[in-house]
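The values are calculated or read from the model by the stated rules, or taken from the named source; none is laboratory data. Model, not experiment: these values are computed from the prediction. Here the Cβ positions follow ideal geometry from the backbone for every residue, glycine too, while neighbour counts run over all protein chains shown.
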Ligand code: PGA
């Protein structure tokens, strides 16, 4: 059945008034134009929708059915119109954010604070490694990304919004715990538990030691900060992690931050999207929210 929205609108007006003349007046059409639309609709449907008895017009059973359907369609169209209007604002809409795994320690707090102020917005958060974050940004699969400084060779817009200090962690009973200004060279005698290749923490640490000409010994490689912290707690060696990952362990006294000369390695968190990408209204508001309010929503863990 091929029915146009215009035919439905004309039909609905005639059915409501049970008069071609009054429907024509309402729709600013001529009476023959209205009759023509109804005739075409009846041909498309294959049944008469009205019957004329004397001077009065009645809906046939098929007409009643058609009226029910056309009202449902109008309702749905109106709803769709309202939703799209909302999407143009920030009352509704979807926000997709992908973050490098270490940012997973604070990104949920930012998103929660944002969600409380924008209740109609549906949010999805993907935590993955730096390489995947970059791929998703380049393939336009996400609205915004949060990561360490992105590499220069990609065509990206990146804005720093918060510091990301990398610190050396140890178990509380480690011989270096409590020492002041441990010389960097002293770390050459220690073994580190490290993040996987592709991790921003890993590459920043490697760069730092290379620059300082320190030979860095590492044993186990792990793909999560949690696993590194657990191994360091268990006495596997030292670790270098972002201070953002240490909120609970420092509070509970399960890990300590060593006082090493030259540390912390100071990095930054960046909000990133592809150059030229048109951010949705929701994404724009979230971007402003992060740039202005991240420091208030999330407090950096404190080193005792
Ligand atoms: P990560 O850190 O990849 O070590 O989790 C995030 C980043 O530095 O981009």
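Quick one: is residue 156 assigned by TED's automatic domain parsing to the domain that holds residue 290 and touching a strand residue (DSSP E or B) at 6+ places or on another chain (Cβ under 7 Å)? Against the criterion (assigned by TED's automatic domain parsing to the domain that holds residue 290 and touching a strand residue (DSSP E or B) at 6+ places or on another chain (Cβ under 7 Å)), residue 156 qualifies.
If you go through segment 135-150 and keep only what is more than 9 Å from the ligand (Cβ to nearest atom) and either surrounded by 15 or more Cβ atoms within 10 Å (Cβ to Cβ) or outside the structural domain of residue 105 (by TED's automatic domain parsing) (or both), you end up with 136, 137, 142, 143, 144, 145. Examine segment 160-173 for a residue that is farther than 23 Å from residue 108 by Cα and surrounded by fewer than 14 Cβ atoms within 10 Å (Cβ to Cβ), and state whether such a residue exists. The answer is yes, given that some residue of segment 160-173 is farther than 23 Å from residue 108 by Cα and surrounded by fewer than 14 Cβ atoms within 10 Å (Cβ to Cβ). When segment 209-226 is filtered for residues that are within 18 Å of residue 176 (Cβ to Cβ) and either touching a strand residue (DSSP E or B) at 6+ places or on another chain (Cβ under 7 Å) or within 15 Å of the ligand (Cβ to nearest atom) (or both), the ones remaining, listed by number, are 216, 217, 218, 219. Is it true that residue 142 is more than 23 Å from residue 246 (Cα to Cα), in a loop (DSSP other than H, G, I, E, B) and touching a residue at least 40 places away in the same chain (Cβ under 8 Å)? For residue 142, the condition - more than 23 Å from residue 246 (Cα to Cα), in a loop (DSSP other than H, G, I, E, B) and touching a residue at least 40 places away in the same chain (Cβ under 8 Å) - is met. Here residue 278 passes the criteria (1) in a loop (DSSP other than H, G, I, E, B); (2) modelled with pLDDT of 95 or more; (3) assigned by TED's automatic domain parsing to the domain that holds residue 95 except the one numbered (2).
Just to be sure before I move on: is residue 7 farther than 17 Å from residue 77 by Cβ and in contact (Cβ under 8 Å) with a residue 12 or more places away in the chain in the structure I sent? Taking the combined requirement at face value, the residue does not satisfy it. Residues in segment 70-102 that are surrounded by fewer than 14 Cβ atoms within 10 Å (Cβ to Cβ) and touching a helix residue (DSSP H, G or I) at 6+ places or on another chain (Cβ under 9 Å): 77, 88, 89, 94.
Note on segment 186-234: residues that are under 36 Å from the mean Cα position of the chain (by Cα) and either more than 18 Å from residue 267 (Cα to Cα) or outside any helix (DSSP H, G or I) (or both) total 24.
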